[in-house]
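Here's the structure, in structure tokens; my notes come after.
The values are calculated or read from the model by the stated rules, or taken from the named source; none is laboratory data. The shown structure was predicted, so the numbers you read here are calculated from the model rather than taken from an experiment. FYI the Cβ positions are ideal-geometry reconstructions off the backbone, even for glycines, and counts take in every protein chain you see.
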Amino acid sequence: DTYFTEGLPLANKKALVTAGPTHEAIDPVRYISNHSSGKMGYAIAAELRRLGADVTLVSGPTDLAPPEAVRHVAVTSAADMLEACLTHFTEADITVMGAAVADYTPKSVADLKIKKNEGKNLGIELVKTTDILATLGKRKQKGQVLIGFALETHDEHANAIDKLRRKNLDFIVLNSMRDEGAGFAGDHNKITIIDKHASMEVFELKPKTAVAQDICTRIIQLLDS
Ligand code: CTP
Ligand code: CA
């Protein structure tokens, strides 16, 4: 590591960040996915690095260039992402699960391209993926900080608090889907950070790079406390 990190707030800390969507194959030419751009997770990885951390970014398929001086692990499916996270989690002082992991994946991948069948509908059987964050939450050791996101369209606070508790998180970042200009495909985000005591900090709509700074400020506070 040729980067000089001494004196920075996260020097000597290892971080694991996930970003982007996952692709769940249907057949050799098709997949199920979502609109995640990866920008939020990439911004967090870059900010953690700027603060001195040794960062591993596990990323689903995105159009983004990996941030400088960050270890980049490219994955495709939720199953691949789980495997990469399990490899890096044990070492990580800080883990931020920013990826929009598919909740369901096709039960089987067709070997050959599925042909259209005149006049008939097509059903694809889906099975649940493993919840990566909940899996990491079960393995979390004292001193490890684990942060998740929540994307909600209704009962957002109650649902986010429920996820925070179920997945054993230190705090959860609630993405508001209500505000114009915010959301997981664009350049801006409006978040609320909810901690273990259910106390909430509401932030303004701002660029994802600034949102990443707010999240990292909370991480540093947590590690100091
Ligand atoms: N997550 C994960 N593995 C999954 C699904 C989600 O690690 N298979 C993580 C996401 O990266 C995010 C958090 O769990 O940090 C919450 O994701 P979200 O989609 O908001 O919640 P879910 O628990 O998947 O529940 P639902 O989609 O039904 O609201
Ligand atoms: Ca989900």
**Item:** Any hit, the range 142-158, residues being over 24 Å from Val75 (Cβ atoms) and either under 17 Å from the mean Cα position of the chain (by Cα) or within 8 Å of ligand 1 (Cβ to nearest atom) (or both)
**Value:** yes
**Item:** Segments classed as strands (runs of 3 or more DSSP E), wholly inside the range 2-65, with at least 3 members that are crowded, with 19+ Cβ neighbours inside 10 Å
**Value:** 14-19, 54-59
**Message:** Restricting to the range 21-41, name every residue that is more than 20 Å from Ser176 (Cβ to Cβ) and touching a residue at least 12 places away in the same chain (Cβ under 8 Å).
**Reply:** Thr22, His23, Glu24, Ala25, Ile26, Asp27, Pro28, Val29, Arg30, Ile32, Ser33
**Request:** With the checklist (1) under 17 Å from the mean Cα position of the chain (by Cα); (2) under 16 Å from Gly41 (Cα atoms) in hand, flag the one item Leu169 doesn't pass.
**Result:** (2)
**Qualifying positions in the range 98-138 - more than 21 Å from Ser33 (Cα to Cα), surrounded by 14 or more Cβ atoms within 10 Å (Cβ to Cβ) and more than 8 Å from ligand 1 (Cβ to nearest atom)** = Gly137
**Message:** Of everything in the range 27-79, what is of a type in the set (D, E, K, R) and closer than 30 Å to Ile124 by Cβ? Give them in sequence order.
**Reply:** Asp27, Arg30, Lys39, Asp63
**Request:** Take Asp103 and decide whether it is modelled with pLDDT of 95 or more and farther than 21 Å from Ala150 by Cα.
**Result:** no
**Message:** For the range 117-195, give me every one of the strands (runs of 3 or more DSSP E) that falls completely inside it and has 2 or more residues that are within 27 Å of His23 (Cα to Cα) and in contact with a helix residue (DSSP H, G or I) (Cβ under 9 Å, 6 or more places away or on another chain).
**Reply:** 145-151, 171-175
**Prompt:** Going by the structure shown, is Glu83 on the phi < 0 side of the Ramachandran plot, within 13 Å of ligand 1 (Cβ to nearest atom), free of Cβ contacts under 8 Å to residues at least 24 places away in the same chain and out of contact with any Ser or Thr (no Cβ under 7 Å at 6 or more places or on another chain)?
**Reply:** yes
